[in-house]
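Student: Sharing a structure here in structure tokens format.
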Ligand code: MD6
Ligand code: FE
């Protein structure tokens, strides 16, 4: 019994390096999950999830919103960070202190001290929803990492390399896992495979991902 317990811990170490500069912190957000979810509900009440359009005219299957000084948006004119929610004409909801604390602590754990995110993109995946391989390159300063928090249903995170054609590795991310991503792999291609159906005890039939960035 005890041996089995330790074996399973050994097979799933708390920190998994997935590339130079990229690490999965298993369960790092678990303890604060119960604080994050009510704060998330308030954000969504002020800035509801919406499915944005890519510059090429496709509607994204992932629904998005933001909190913080600036938010990531896409429409026919391109991708950008904007201080105003185009749906409401108002600033995005403030970044809750619990979000900021988690992002800073995770970044430090991943080797990036003094992370000061000014944007938190909130993604909602429903079963069947996916995110195609892409680079995060709309930020001005690539020295800052990205911190990505997974909540709700598990997902397969696809992690490639510097070229779109690099075959991605598949990493299963579950509720509370945090990916810290920067340095040499900051511009690597990545995405999310179509979400498998399921029911999460707290969030139901969805996965929520928070990605913290220093955009400006
Ligand atoms: C997601 N994440 O996990 C989408 N980007 O829902 C991302 O696109 C991402 O997790 C940059 C760094 C980490 C990420
Ligand atoms: Fe991304």
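The values are calculated or read from the model by the stated rules, or taken from the named source; none is laboratory data. Note that this is a predicted model, so its numbers are computed, not measured. Cβ sites come from the backbone with ideal geometry, for glycine too, and all protein chains shown count toward neighbours.
Student: One residue is enough: does segment 26-41 have a residue meeting the conditions modelled with pLDDT under 95 and loosely packed, with under 14 Cβ neighbours inside 10 Å?
Tutor: So far as segment 26-41 goes, yes, one or more of its residues are modelled with pLDDT under 95 and loosely packed, with under 14 Cβ neighbours inside 10 Å.
Student: Could you list all residues from segment 158-170 that are assigned to a strand (DSSP E or B), surrounded by 12 or more Cβ atoms within 10 Å (Cβ to Cβ) and more than 14 Å from the chain's Cα centre (by Cα)?
Tutor: 169
Student: Which of the residues spanning segment 84-133 are surrounded by fewer than 13 Cβ atoms within 10 Å (Cβ to Cβ) and either within 15 Å of ligand 2 (Cβ to nearest atom) or closer than 17 Å to residue 64 by Cα (or both)?
Tutor: If the condition is that a residue be surrounded by fewer than 13 Cβ atoms within 10 Å (Cβ to Cβ) and either within 15 Å of ligand 2 (Cβ to nearest atom) or closer than 17 Å to residue 64 by Cα (or both), then 86, 87, 88, 89, 90, 128 are the ones that fit.
Student: Moving to a separate point now. Identify, by number, the condition in (1) outside any loop (DSSP other than H, G, I, E, B); (2) within 16 Å of ligand 2 (Cβ to nearest atom); (3) in contact (Cβ under 8 Å) with a residue 60 or more places away in the chain that residue 188 doesn't meet.
Tutor: (1)
Student: Tell me whether segment 198-211 contains one or more residues that are within 15 Å of ligand 2 (Cβ to nearest atom), without any contact (Cβ under 8 Å) to a residue 60 or more places away in the chain and either more than 15 Å from residue 24 (Cα to Cα) or in contact with a strand residue (DSSP E or B) (Cβ under 6 Å, 6 or more places away or on another chain) (or both).
Tutor: Checked against the condition, which is being within 15 Å of ligand 2 (Cβ to nearest atom), without any contact (Cβ under 8 Å) to a residue 60 or more places away in the chain and either more than 15 Å from residue 24 (Cα to Cα) or in contact with a strand residue (DSSP E or B) (Cβ under 6 Å, 6 or more places away or on another chain) (or both), segment 198-211 yields no hits at all.
Student: Hey, among the residues in segment 141-151 that are assigned to a strand (DSSP E or B) and either free of Cβ contacts under 8 Å to residues at least 60 places away in the same chain or under 20 Å from residue 170 (Cβ atoms) (or both), which one's farthest from ligand 2 (Cβ to nearest atom)?
Tutor: 151
Student: Could you tell me whether any residue of segment 199-209 is surrounded by fewer than 22 Cβ atoms within 10 Å (Cβ to Cβ), touching a helix residue (DSSP H, G or I) at 6+ places or on another chain (Cβ under 7 Å), part of a loop (DSSP other than H, G, I, E, B) and modelled with pLDDT under 95?
Tutor: yes
To keep it simple, each residue is scored yes or no on (1) within 12 Å of ligand 1 (Cβ to nearest atom); (2) in a loop (DSSP other than H, G, I, E, B).
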residue: 89; (1), (2): no, yes
residue: 98; (1), (2): no, no
residue: 101; (1), (2): no, no
residue: 104; (1), (2): no, no
residue: 108; (1), (2): no, no
residue: 128; (1), (2): no, yes
residue: 139; (1), (2): yes, yes
residue: 175; (1), (2): no, yes
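Student: Is there a residue being loosely packed, with under 15 Cβ neighbours inside 10 Å and within 27 Å of residue 141 (Cα to Cα) anywhere in segment 58-75?
Tutor: Step one: of segment 58-75, the residues loosely packed, with under 15 Cβ neighbours inside 10 Å are 58-59, 75.
Remaining after also requiring within 27 Å of residue 141 (Cα to Cα): 75.
Scanning segment 58-75 turns up at least one residue that is loosely packed, with under 15 Cβ neighbours inside 10 Å and within 27 Å of residue 141 (Cα to Cα).
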